[in-house]
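Below is one structure; the comments refer to it alone.
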Amino acid sequence: MTDARRHVPRTDVVLADPRLAEAIRALGRTAVKATIVATQQRVRAGEVHPESLVDVVLSALPEHATTLRRVVNATGVIVHTNLGRAPLSAAARDALDVAAGTTDVEFDLATGERARRGRGALAALANAVPDAGAVHVVNNNAAALLLTALTLAPGAEIVLSRGEFVEIGDGFRIPELLAASGARLREVGTTNRTTLRDYQAAIGPDTGFVLKIHPSNFVVSGFTASVGVRELATLDVPLVVDIGSGLLAPHPLLPDEPDAASTLRAGATLVTASGDKLLGGPQAGLLFGSSEVVERVRRHPAARAMRVDKLTLAALEATLRGPTPPVRAALDAAEDELRIRAEKVAAGLAGSGVDAEAVRCRSAVGGGGAPEVELPSWGVAVPAAWGQRLRVGTPPVVGRVHGHRCVLDLRTVDPAEDATLAVAVTAVAGVAGVAGVADGSSHPPAPNRAGAPGPR
Ligand SMILES: *Cc1c(COP(=O)(O)O)cnc(C)c1O
């Protein structure tokens, strides 16, 4: 090109272009300017015509000011740690928006005085678990355990069964976390068997507390023995129980997952759990227990370092008070409803010549919970090679590749996203237009229609 430089529109001129005003408002001047500069470079290289610079900038700009992408979870793993664990309910997302600005998180508007931080979320949590004398919220369950160890076992021992030396994932080992508090771990029993007598023999003046950790992501079977909460509660020391998944009350499909209410009723002094696993809320660590112990935990100087954000408090309260969160909806989805959805999506795709069929599959709870539970489900099977293309599509769809097929399990897909999923598959298949599915009319079936044949 002959002196393309002279034809490159100036940065300040492009920034002032009214077509970019909306992008500057949404993404910020700095981000838009960076894209302009990069595009000017392409004009100089002769790749972009000077006249189309603004159009190219517009198409190169991201939609949002975050590099995080919204992803359709079609893996069938309900609580998928790599995909951000629990997706929040619409009510919780709305609460995030309210709390994102200036808010009365720690202020009483009536009196004009400082108020208890997050009192609405704490009241909702206490309300959900009436057996707890008091509750507290920290960043995550790991923080809840660390704060508990710092408070109840400074320079003392934490008594823990060898069968409960748990690694959660990504190298996170609970015993190492506890040891980081400065407390000493007193191991009792063996990998497969621990009895009440083992605990009794270990307890003494150096005991801070007995800890029971739910082995949430594995099972030990065969010649085994462990001691339940009720028996451990007869020991004359504080009993802390890490229940993991954050069920507040028993769930019929998950008989082996402990819940906060039952654990407290069985005699635990303190229960810790995650907020973003089966509770279906934001990342948080929940503590339930006697008012005396929870108050000590709350007053520990380190509690400030684990304090949750106003956004977490808002989303947690909305999860507890609001409609069924997506994790619970996915867990409780009836197989028939899933089949009808899968048949509808598959029929729409097949009708447009896309290689897709409705198939039975099995979903998992995930999040390191209920490792033995498999939930019968339905999905849409497409060729395995599309798996990678779906992941890099818009929006990205993550399925599960099984042999020659990639299965898109609908249990973990919001029913309102079925149409989006169909469009993503169609794009990957290189076929345009999917009749009857991409029209956004894909509602979950009414209860009286459950079991009715699909639209095929
Ligand atoms: C998941 C889990 C944890 C860790 O919880 P985070 O909220 O991720 O810190 C701790 N203990 C058990 C038993 C778990 O299942």
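Working ranking of peptides 209-215, 181-187 by packing, defined as the average number of other Cβ atoms within 10 Å per residue, highest first, is 209-215, 181-187. Taking all Cα-Cα distances within the stretch 71-176, those exceeding 18 Å account for 71%. What do you get for trypsin sites (Lys or Arg not before Pro) in the stretch 109-172 restricted to DSSP loop and a cutoff of at most 15 other Cβ within 10 Å of the site's Cβ? Answer in residue order: Arg116, Arg117. Using the Cβ-Cβ distance between Asp309 and Ala350 with R0 set to 45 Å, the FRET efficiency from 1/(1 + (r/R0)^6) comes to roughly 0.45.
When you work out D = kT/(6 pi eta Rh) for the stretch 173-247 at 10 °C and 1.306 mPa s, using the Kirkwood radius from C-alpha pairs as Rh and the Stokes-Einstein form, the result is 117 µm²/s.
Over the stretch 90-323, all Cα pairs binned in 5 Å intervals from 0 give whole-percent P(r) values of 1, 7, 14, 19, 20, 16, 11, 6, 4, 2, 1, 0, 0, listed from short to long.
Which whole-number percentage describes the relative contact order of the stretch 266-310, with Cα contacts under 8 Å and a sequence gap of 6 or more? Numbers along the way, then the final one.
Working: 38 pairs, mean separation 13.9, N = 45.
Relative contact order for the stretch 266-310 comes out at 31 percent.
Which loop GluC sites (Glu not before Pro) in the stretch 1-77, with loop taken from DSSP, have no more than 13 other Cβ atoms within 10 angstrom of their Cβ? Spell out each step's value before the answer.
Numbers: sites: Glu22, Glu47, Glu51, Glu63; in loops: Glu47, Glu63.
Here the GluC sites (Glu not before Pro) that fit, given the DSSP loop and packing criteria, are Glu47, Glu63.
Within the stretch 35-110, the proportion of C-alpha pairs whose separation exceeds 18 Å stands at 67%.
Mean shadow of the stretch 1-156, computed from the convex hull of its alpha carbons, in nm²? Intermediate results must be reported in sequence, preceding the final value.
Numbers: hull surface 71.7 nm².
If you wrap the Cα atoms of the stretch 1-156 in a convex hull and average its projections, you get 17.9 nm².
Taking the stretch 4-60 on its own, what percent of its Cα-Cα pair distances exceed 17 Å? Provide the component values of the computation, followed by the final result.
Values: 409 of 1596 pairs.
Percentage above 17 Å: 26.
Take every Cα pair under 8 Å whose residues are at least 6 apart in sequence, average their separation, divide by the length of the stretch 90-323, and the relative contact order is 28 percent. For the pair Ser221 and His300, the difference between a 0.36 nm per residue extended length and the Cα-Cα distance amounts to 24.5 nm. Taking the DSSP beta bridges with both ends in the chain, the antiparallel portion is around 60 percent. Here the scattering of the stretch 327-378 is modelled by Debye summation over its C-alpha atoms, one equal scatterer each and no solvent; at q = 0.14, 0.22, 0.30 Å⁻¹ the log10 of I(q)/I(0) is -0.44, -0.81, -1.10.
Only helices enter the 222 nm calculation for the chain: every DSSP H run of n ≥ 4 contributes -39,500 (n - 2.57), and dividing by all residues gives -9500 deg cm²/dmol, rounded to 500. Computed over the Cα atoms of the chain, the ratio of the radius of gyration to the Kirkwood radius (Rg/Rh) comes to 1.06.
The ellipsoid that matches the Cα gyration tensor of the stretch 126-255 has semi-axes, each √(5λ) in whole angstrom, of 21, 19, 16, with the longest given first.
Give me the extension gain from Ser290 to Arg265: residue separation times 0.36 nm, minus the current Cα-Cα distance, reported in nm with one decimal.
Numbers: separation 25, 0.36 × 25 = 9.00 nm, distance 1.14 nm.
Length gained, Ser290 through Arg265: 7.9 nm.
For Phe172 and Ala45, what is the calculated FRET efficiency with R₀ set at 56 Å and r taken between the beta-carbons, to the nearest 0.05? Please report the intermediate quantities before stating the final value.
Values: r = 47 Å, r/R0 = 0.84.
Approximately 0.75, to the nearest 0.05.
Structural descriptor for the chain: relative contact order 18 percent, calculated from alpha carbon pairs under 8 angstrom and at least 6 residues apart. A crude spin-label estimate for the pair Asp236 and Glu357, with each label 7 Å from Cα along the Cβ direction, gives 6.9 nm.
The packing ranking, built from the mean of other Cβ atoms within 10 Å per residue, places the peptides 192-200, 137-145 in the order 137-145, 192-200, highest first.
For Leu68 and Ala100 in the same chain, what is the full-extension length gain: residue separation times 0.36 nm, less their Cα-Cα distance, in nm? Can you show the working numbers first?
Details: separation 32, 0.36 × 32 = 11.52 nm, distance 1.81 nm.
Full extension of this stretch gives 9.7 nm more.
Order these peptides, 77-90, 26-39, by their mean beta-carbon neighbour count within 10 angstrom, highest first.
On the way: 77-90: 20.6, 26-39: 16.0.
Output ranking for 77-90, 26-39: 77-90, 26-39.
Straight-line cross-link reach from Lys277 at under 27 Å between alpha-carbon atoms covers these lysines, not counting any fewer than eight positions away in the same chain: Lys212, Lys310.
No value in this document is a laboratory result; all are computed from the given coordinates. Not measured: the values here are computed from a predicted model. Here Cβ is always computed from backbone atoms with ideal geometry, including for glycine, and neighbour counts include all displayed protein chains.
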